[in-house]
Structure formats: C-alpha cells, structure tokens
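Okay, structure first, notes after.
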Amino acid sequence: MRILVIGSGAREHALLLGLSKDPAVTELHVVPGNAGMSALATLHEGKVDSPAEMTQLATSLGADLVVVGPEIPLVAGVADALREADINVFGPSKEAAQIEGSKAFAKDVMSAAGVKTAHAEIVAPGASEEEIDAALDRFGPIWVVKDDGLAGGKGVVVSEDRAAAREHVVAVHELGNPVLLESYLDGPEVSLFCLVDGETVVPLLPAQDHKRVRDNDEGPNTGGMGAYTPLPWLPEDGVQRIVDEVCVPVAKEMVRRGTPYSGLLYAGLAWGKDGIAVVEFNCRFGDPETQAVLALLKTPLGVLLNSVATGTLAEQPPLEWEDGYALTVVLAASGYPESPRTGDEITGAESAQVLHAGTALKEGKLISAGGRVLNVIGTGATLADARDSAYAVIKDIALDGAHYRSDIALPAVEGRISI
Ligand code: GLY
C-alpha cells in the first residue's frame, strides 16, 4: 500500500512511524512534512488546504490511501476532492468536518443526539461594548472564551479573571472571528479518539492532554504540552460509557443527517460530578495525545486506517495494544505560545524516542521552525516508568531558551485525579 500523509507536526510523524511498521505499507509520502520525517517518507511540497493540489499530488504518486492529519484541509474539502477522484482517504468530508469547523453545527448535532455539553453563546464581531459586557455577565465565575474560527485548540482562554476574558473577546473580534462563550465544565478532562465509519465506532485508548504552558496548569493555553495514555483513574467501564453516551449517538446523528462520518472523531470531554460532558469535538487525531496513543498500538495502522477509508471497519478484528503506559512531553521554543522564536540550532535529539514538529534543516543543521518543536515519547510498565523514560531523553536535548513541562502525568502517578 502506497500512502500519502498530509501534515507536518509530531502527530504526522507518529502516524508515519506507525504506518512504517505495517507490513502492508510499501511506500510512504508526506506533504509538507518536516526535518525529522525524511528517513520514513518522501517529502513533497504543496498547499495542504488546496483540494486540487492535494488530489493532483495523490494521483501523481499513485497513492492507495491518503491520511489527512490536520483539520484545515478537511474543513477545506480535501477529503471530498480525493474521494471524487476515486482515491481512498482517511478523513471526514467537508460537511462532516463541521463538527470541528463550526461550533454551532457541533452544538446542533449534540442537541439532536442528546449528548451533554456546555451551555454556549456566540458573540459576533461588531458587538458593542455593552453587548460584550452583558454576555460576559451571563457566564463566570470561570469564563471559557473560544475563537470560533479554526484555531486548532489554540484560541481558547479559560480564566477566573473577567478582564482577561474580555480582552480575549476583543482580540478574537479584531481577527474578524465570532467568539464562543461557554459555561465551564468541571472534572478531569479525557480525550477519546474513535475510528468512525458510519455507525461503526471503535475507540482507541483514552488519553489526557496538558494544555497550559507551565507546570501545575499555570500560564496560557497552548496546542498541548504533553499527554499520557491510558488513564489509570478512569472507571473500568469509562471508555464504553463515553462510546455509548457520546460517540455512537453522534455517529448515528451524522448518518441520519445524510453526512456520515468517516475518519477520526476526537471527543474532548470533562468527567464531572454530574457525569460525562463534551467540551469539544475535533475531526482529526489530537496532538499531542496521538503520539502517546499510537506508541501502544499493536494492530497494523495502515490496514486499520484503510478499512475506515473503504467502509470496512466493522470487519476488522478487535484492536491490540501493548501493555503498560505511554507518555509524550513537548519541547517548545523560547517565547511559545505568545511569540515563539525560530531558527535556533537543536542538538541531542537523535534518540528514536524523539518525534519532530517544528523543525527544519539549515546548512545541514537541525533548527527550530515552530512553537512546538519536538515531542519525546516514553513507554513503560507503569506510568512512572514511562515518565522516567521520556524525561531521561528530553533533559539532554539542547535548544536555546526551550522549555517543557516537568509534570506530565504526575497528578495521575501521584493519585491526585479522581472522578
Ligand atoms: N490536544 C488538542 C488538540 O489536538 O486540539
């Protein structure tokens, strides 16, 4: 099987690594990729949100399967164009990708499917000062302010500080995007990724992201600073409950609307005292959780993703997983997330446990080229072992001004998370 992966982050590096281990995969290509991927795949240039360009590239390569990593190409209709050209694609249609692309669509689906989620209100750009204040007064004491444009999980402010919440409303409006105000959902967060093929829903291992930039969940939200899987504090029937209460009803509702879902449905959930509620859906693998989850997957990944693309997921055997735990720690550039500095040399990143995100090669040297630069994966029989394994590698990576969280999975290891 010849596979083209679209994307350039550590998530796509993890996908390529997983695909490279599948004996059915004969050739790997990636567009645009990054400096860490050249040993696994041939890198190509192209505009990833252009349905025409991506279809032309996949056709010229004779790709048997295209795996779309990020949400932007999906929302732009890349999967639809590939399907029209008779190319198998892992990723939902433009309409189904609205589950991430439009919060209003997602809320509508959840309401029809009877899935619990936060109360929400849209504040459109052009709202007056008084309208913004009145809307903020209807929420709190913890404000959740989201950029309702596509922000890849990065446009969210969660704060007890009303002034900071208001500032974000104004900043999002200045970008020309609507703001989504949401009631705050309490309880530990769970990311559950499900392979969805119409009404067939197959969950992967549950994971937890760490979105704040600094230890102890301090500082601004980021795209994710680290993640671990599985979750030792989740009830034994936790995954099944999420599948039954959230993912299957949503998959059925998408079929009922005539926009069946095909690809990865990412349910971001809060498990509070009143049960499970959806924080958001994404139409793609999550980053950085995917890097940890795929580190434990034993089932051949190419065949699995192709079964979703060809509508045969229901015929696949149950997924197989390694025992133990996996975790990933993100190494971020100086100034991330506000204003990451790029172009600095990176050394000490040769370990096979390192996945690349924002990296490039310049005159034969590895340099930083984005906010989240590298991911280090650790696995182990216990979560503590997995942490030790990842931190033993990340401590020896040198990148001027770089930072990482030292407490990924620590609350879980110390038994400080409960439902
Ligand atoms: N884990 C956050 C995201 O992928 O949006």
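Counting only residues at least eight positions apart within a chain, or on another chain, the lysines with an alpha carbon under 19 Å from that of residue 103 are 94, 116, 146, 154, 252. Diffusion coefficient of the chain by Stokes-Einstein, Kirkwood radius over Cα pairs, 25 °C, 0.890 mPa s: 113 µm²/s. Could you grab the relative contact order for the chain? Cα pairs under 8 Å, six or more apart, rounded to a whole percent. This gives 17 percent for the chain. Each peptide in 232-244, 327-339, 122-134 gets a packing score, the mean of other Cβ atoms within 10 Å over its residues, and the list from highest to lowest is 327-339, 232-244, 122-134. Under the rule a/c < 1.5 gives rounded, and otherwise a/b versus b/c splits prolate from oblate, where does the range 300-419 land using the Cα gyration tensor? Here the range 300-419 falls in the oblate category.
Each of 117, 259 has some number of other Cβ atoms within 10 Å of its Cβ, and from fewest to most they run 259, 117. Scaled against 2.2 N^0.38 Å for its residue count N, the alpha carbon radius of gyration of the range 41-168 is 1.37. For the range 189-279, the spread of Cα positions along the three principal axes, ordered from largest to smallest, is 43, 27, 22 Å. For the range 217-368, the gyration tensor built on C-alpha atoms gives a prolate shape. Its axis ratio a/c (a ≥ b ≥ c) is at least 1.5, and a/b is the larger of a/b and b/c.
Amide H to amide H distances under 5 Å link residue 344 with 368, where only residues 5 or more positions off or on other chains count and H is placed in the peptide plane. Counting every other Cβ atom within 10 Å of each residue's Cβ, 361, 74 order from fewest to most as 361, 74.
Among rounded, prolate and oblate, which fits the range 240-300 when a ≥ b ≥ c are the square roots of the eigenvalues of its C-alpha gyration tensor, a/c under 1.5 means rounded, and a/b larger than b/c means prolate? In terms of gyration-tensor shape, oblate. Panel order for 144, 373, by other beta carbons found within 10 Å of each beta carbon, from fewest to most: 144, 373. Adding -39500 (n - 2.57) for every DSSP H run of four residues or longer, then dividing by how many residues the chain holds, sets the calculated 222 nm ellipticity at -7500 deg cm²/dmol.
None of the figures in this text is laboratory data; all of them are computed from the coordinates on show. Since the structure is predicted, the reported quantities are computational estimates derived from the model, not experimental observations. Cβ atoms come from the backbone with ideal geometry, glycine included; neighbour counts cover every protein chain shown.
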